[in-house]
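What follows is a single structure, written as structure tokens, with notes after it.
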């Protein structure tokens, strides 16, 4: 028998942020989720480290409004909200990155070009909902289009790392700098990437991952790595084709670098392919993804994109820099393949738990089966749910538990029940609501069987799901 349940644990998933899960990810594109303006001159997006619960992503755009303004927005997973107050002076092609240091936290903006055009060298910081214009004693110098990103760990954790950029006449820089929230400092490396049309993101291991092409069209991938950071050229067996204006994001849920879009530098064709790079796999290779729904920019796009990872929802967010359309590459949706442990640890006949059908997306229904229950069943089978998976179980207490069954979640929040079939299977169909605050939340499940005397007979291992868009 299958019993239908609404998302009774909404209080659980609403309070749990996206986290790493041993799960099969169902990555797909959600196109045109929102639009900034009917026209914009350059858009950048970064995670706001100063108020992640209120504004996970900050979007700043140089608009074609009259008069022309630089406008900032927060993204809550489904819509954009414009921020009032002082804004950086109008510019395009600026560097933009998360920042999370003792000196400051939030988002840092550096350089760019004004309408003259003149290259700029000023620094702006967005912290707790407001922009300020600090005056560091040192800076990288005036430049356009510098690549900036933040490593989450390592010796430069939380600082903004800057590479390259160019002058208004097109001369390219190859220097590397860091911003600690107070001052800019040049990073001296023994090797450096050549002058490149490139994109850059965190490598997830305290360094940077840079990908692009040289003036001769050679595609190269570099990594800033080591206790004494140095640039090292990588040699992936396969790489995306040469492109300009693509966007790259480090997905900390799947531990993958995600590259999307761009424009063919020879034909100016808008590119819509999606690539991932797993730096832990040997041999190293860029892998072209085949998402369920393809990346599909609007007909007016010229292929210029920026992107950031929304850790509160476990999604990659990309924005068309000139049109302002928001695209989501959702990797939060999952159902677990591997369990912890793979089978029950009870000294009893093993019952199991498994994903049956559907995906735990907003507004959808997914089914979990508890299998191997006693036949004929003497009592309903329970599906306990909670938070916090653990690799070492703890003995279930509060009930008669002669088989020393264990739970594999930190906190049990509640339980559902259903009658088992004559084959010993109890099915639970769970409907997910449409609240975007649940995106990326992880919930643990464990099957539990009691007999007619209310004695715990057996318990399964732990199954984890992550709510997706």
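From a point 7 Å beyond the Cα of residue 233 in the direction of its Cβ, which residues of the range 180-196 have a backbone N at a distance under 14 Å? Only 191-196 fall inside the zone, counting backbone N under 14 Å. Hey, for a label at residue 138 modelled as a point 7 Å past Cα toward Cβ, could you say which residues of the range 178-205 have their backbone N under 14 Å away? Answer for this model: 178-189.
Which order results if 302, 439, 323 are arranged by neighbouring Cβ count within 10 Å, fewest first? List each step's numbers first, then the result.
On the way: 302 13, 439 26, 323 21.
Sorted ascending by nearby Cβ count, the order is 302, 323, 439.
Peptide packing for 246-253, 453-460, 388-395, 113-120 was compared via the average number of neighbouring C-beta atoms within 10 Å per residue; ordered from the highest value, the list is 246-253, 453-460, 113-120, 388-395.
Classify the range 118-190 from the C-alpha gyration tensor, please: rounded if a/c falls under 1.5, else prolate or oblate depending on whether a/b exceeds b/c. Display every interim value, and only then the final one.
Numbers: a/c = 1.89, a/b = 1.16, b/c = 1.62.
It is oblate, given that a/c is not under 1.5 and a/b is not larger than b/c.
When a/c reaches 1.5 or more, the comparison of a/b and b/c decides; with that in mind, is the range 376-469 rounded, prolate or oblate per its Cα gyration tensor? Oblate, since a/c reaches 1.5 and b/c is not below a/b. Between the C-alpha center of the range 403-460 and that of the range 251-269 there is a gap of 40 Å. Net length available on complete extension from residue 422 to residue 255 is 55.9 nm, with 0.36 nm assigned per residue and the Cα-Cα distance removed.
Can you bin the range 27-332 into rounded, prolate or oblate? Criterion: square roots of the alpha carbon gyration tensor eigenvalues sorted a ≥ b ≥ c, rounded for a/c under 1.5, prolate for a/b above b/c, oblate for the rest.
Verdict is rounded for the range 27-332.
Enter the Cα centre distance for the pair the range 173-230 and the range 71-109, rounded to the nearest angstrom. What the calculation gives is 22 Å, centre to centre.
Entry note, the chain: the mean residue ellipticity at 222 nm calculated from DSSP H runs of n ≥ 4, each adding -39500 (n - 2.57), is -500 deg cm²/dmol after division by the residues and rounding to the nearest 500.
Going by how many other beta carbons lie within 10 Å of each one, how would you line up 449, 220, 444, fewest first?
Details: 449 29, 220 18, 444 26.
So the ranking, lowest neighbour count to highest, is 220, 444, 449.
Between residue 118 and residue 435, the FRET efficiency from the beta-carbon distance, with R0 = 51 Å, is close to 0.65. Remark: relative contact order (the range 27-332) = 18 percent; criterion is Cα-Cα distance under 8 angstrom and separation of 6 or more residues. Modelled this way, with points 7 Å down the Cα-to-C-beta line, the labels at residue 169 and residue 214 are 2.3 nm from one another. With 0.36 nm allotted per residue and the present C-alpha distance subtracted, the residue 241-residue 411 stretch has 56.5 nm of extension available. Extension gain, residue 90 to residue 347, is 85.6 nm, computed as 0.36 nm per intervening residue step minus the present C-alpha separation.
Please sort 285-292, 236-243 by packing, taking for each peptide the average over its residues of neighbouring beta carbons within 10 angstrom, highest first. Write out the running numbers ahead of the final one.
Working: 285-292: 14.1, 236-243: 16.8.
By packing density, highest mean first, the sequence is 236-243, 285-292.
Take every Cα pair under 8 Å whose residues are at least 6 apart in sequence, average their separation, divide by the length of the range 240-297, and the relative contact order is 27 percent.
Read-outs throughout are calculated quantities, based only on the coordinates presented, and are distinct from any laboratory measurement. Since we're looking at a predicted model, the values are computed, not measured. Using ideal geometry, Cβ is built from the backbone for each residue, glycine included, and neighbour counts are taken over all protein chains shown.
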